[in-house]
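Colleague: The structure that follows is given in the form of structure tokens.
Derivation of every value follows stated rules applied to the coordinates shown; laboratory data play no part. Bear in mind that the values here come from a model prediction, so they are computed numbers and not experimental data. Cβ placement follows ideal geometry from the backbone for every residue including glycine, while neighbour counts extend to all protein chains displayed.
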Amino acid sequence: MKKKLPIGILVSGSGSNLQSIIDHIESGRLDAVIKVVISNSPEAYALERCRRHDIPFVVINHIDHPLRDAFDQQMIEVLHSRGVELVVMAGFMRILTSRFLSSFPMRIMNIHPSLLPAFPGLHVQRKAVEYGVRFSGCTVHFADDGVDTGPIIVQSVVPVYDDDDEVSLAQRILKEEHKIFPHALQWYAEGRLEVKGRKVYLKEESSYGAKQAEF
Ligand code: GAR
């Protein structure tokens, strides 16, 4: 039997990326096991998705932990105690401390709804529409100590239309997020991602061959 990558997923909201990861695991397209989902909000709809799929979750409410370091320490303890190898930020809206980052060096993946390095931070779909860019998209990257600055694993591009607003663009981008994030996770699970400085290289694997870039 194939080894399954033990992952811990951090969420804050709806959890549609979490759902996509669950679906890919359940259909055998992603060799991972979700050891725990951590939410900083007890209201997150992502928790309902966990209940439906029998996935263990923990709420660590940031309001109860005003000190960022104490909040992150709680998360580290939960993730270590569940044997998590890779931390997956799936719509997690908190900035991680250096303590957290050094606990999981190059073992934290984030999805961001823009074509980085354009539009890091928050409300980026609105910023893209207001700026007038013709294309936007999403980026999966390893987390480092900057905001959305870590080495890029994969990106997907979508057009921005004249009549787009923040919501319509966000929906178009989300569809791509749901494809590329599980794919990047599968590459990691197969041991195919190699980080050298800022660059992430995808190592060949015979069973993927020429199809490796197709989602
Ligand atoms: C997604 O668009 C994700 O890229 C974004 O939040 C949304 C979460 O949606 N993440 C960030 O902006 C992180 N800075 P979801 O909860 O439905 O997966």
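Colleague: If you place +1 on the Cβ of every Lys and Arg, -1 on the Cβ of every Asp and Glu, and leave all else neutral, what size is the dipole of the chain about its Cα centre, to the nearest 20 Debye?
Modeller: On the way: 25 positive and 27 negative charges, 125 e Å.
For this selection, approximately 600 debye.
Colleague: If you add up the charges near GLN171, with Lys and Arg at +1 and Asp and Glu at -1, over every other residue whose beta carbon is less than 12 angstrom from its beta carbon, what do you get?
Modeller: Values: positive: ARG172, LYS175; negative: ASP164, ASP165, GLU166, GLU176, GLU177.
Cβ neighbours under 12 Å give a net charge of -3.
Colleague: Convert each backbone phi in the range 58-73 into a coupling constant with the Karplus relation 6.51 cos²θ - 1.76 cosθ + 1.60 (shift: θ = phi - 60°), then list the ³J(HN,Hα) values in order as whole Hz, x for Gly and Pro.
Modeller: 9, 9, 10, 6, 5, 5, 7, 10, x, 8, 4, 5, 5, 4, 5, 4
Colleague: What percent do you get for the relative contact order of the range 1-123 when only Cα pairs under 8 Å and 6+ apart count? Kindly include the intermediate steps, with their values, before the conclusion.
Modeller: Details: 185 pairs, mean separation 36.1, N = 123.
Rounded, it is 29 percent for the range 1-123.
Colleague: Enumerate the calculated ³J(HN,Hα) couplings along the range 150-165 in order (Karplus 6.51 cos²θ - 1.76 cosθ + 1.60, θ = phi - 60°), each rounded to whole Hz, writing x wherever the residue is Gly or Pro.
Modeller: x, x, 7, 8, 7, 9, 9, 9, 10, x, 10, 9, 4, 9, 5, 10
Colleague: Still on this model: Give the percent of DSSP beta bridges with both residues in the chain that are antiparallel, rounded to the nearest 5.
Modeller: On the way: 15 of 33 bridges.
The antiparallel proportion sits near 45 percent.
Colleague: Report the relative contact order of the chain, percent, no decimals, based on alpha-carbon pairs under 8 angstrom and at least 6 residues apart. Write down the numbers at each step before the final one.
Modeller: Values: 381 pairs, mean separation 39.2, N = 215.
Contact order relative to length: 18 percent.
Colleague: Follow-up question, since we're still on this one. Find which of LEU86, PRO117, VAL147 sits farthest along the positive direction of the dipole of the range 79-205, computed with +1 on the beta-carbon of Lys and Arg, -1 on that of Asp and Glu, about the Cα centre.
Modeller: In the range 79-205, that residue is LEU86.
Colleague: Starting from the alpha-carbon convex hull of the chain, give the projected area averaged over all orientations, in nm². Each step should come with its number before you reach the end.
Modeller: Values: hull surface 49.4 nm².
For the chain, the mean projected area of the Cα convex hull comes to 12.3 nm².
Colleague: Further, regarding this structure: Taking H as built 1.01 Å from N, whose amide H comes closer than 5 Å to the amide H of VAL88, not counting residues under 5 places away?
Modeller: Here GLY8, ILE9, LEU10, MET109 satisfy the definition.
Colleague: In the chain, if the dipole is taken from +1 on Lys/Arg beta carbons and -1 on Asp/Glu beta carbons about the Cα centre, which of VAL36, THR97, ALA70 is farthest to the positive end?
Modeller: VAL36
Colleague: Using the scaling law 2.2 N^0.38 Å as the reference, what is the normalised Cα Rg of the range 47-152? Don't skip to the end; give the middle numbers.
Modeller: On the way: Rg = 15.4 Å, N = 106, 2.2 N^0.38 = 12.9 Å.
Normalised Cα radius of gyration, the range 47-152: 1.19.
Colleague: Taking amide H atoms as placed 1.01 Å from N in the peptide plane, list the residues 5 or more away in sequence, or in a different chain, whose amide H sits under 5 Å from that of SER136.
Modeller: So SER136 has HN proximity to VAL158, VAL160.
Colleague: Once phi is turned into ³J(HN,Hα) by the Karplus curve 6.51 cos²θ - 1.76 cosθ + 1.60 with θ = phi - 60°, what whole-Hz value does each residue of the range 78-94 show in order, with x for glycine and proline?
Modeller: 4, 5, 5, 5, 8, x, 6, 9, 10, 9, 10, 8, 10, x, 9, 9, 10
Colleague: Which GluC sites (Glu not before Pro) in the range 1-62 pass both tests, a DSSP loop state and at most 14 other beta-carbon atoms within 10 Å?
Modeller: Values: sites: GLU26, GLU43, GLU48; in loops: GLU43.
For GluC sites (Glu not before Pro) across the range 1-62 that sit outside H, G, I, E and B with at most 14 neighbouring Cβ atoms in 10 Å, the list reads GLU43.
Colleague: Per-residue counts of other Cβ atoms within 10 Å, averaged by peptide: what ranking do you get for 11-23, 153-165, highest first?
Modeller: On the way: 11-23: 20.6, 153-165: 14.8.
The packing order, highest mean first, is 11-23, 153-165.
Colleague: Would you pull out the residues with amide H under 5 Å of GLY13's amide H, same chain only if 5 or more places away, H placed 1.01 Å from N?
Modeller: So GLY13 has HN proximity to ALA46.
Colleague: As an exercise, identify the trypsin sites (Lys or Arg not before Pro) in the range 118-167 lying in DSSP coil whose Cβ has no more than 10 other Cβ atoms within 10 Å.
Modeller: Of the trypsin sites (Lys or Arg not before Pro), the ones in loops of the range 118-167 whose Cβ has at most 10 other Cβ atoms within 10 Å are ARG134.
Colleague: Percent of Cα-Cα pairs per 10 Å bin, from 0 to the last occupied bin, for the range 70-127, please list those.
Modeller: Percent of pairs per bin, in order: 20, 49, 24, 7.
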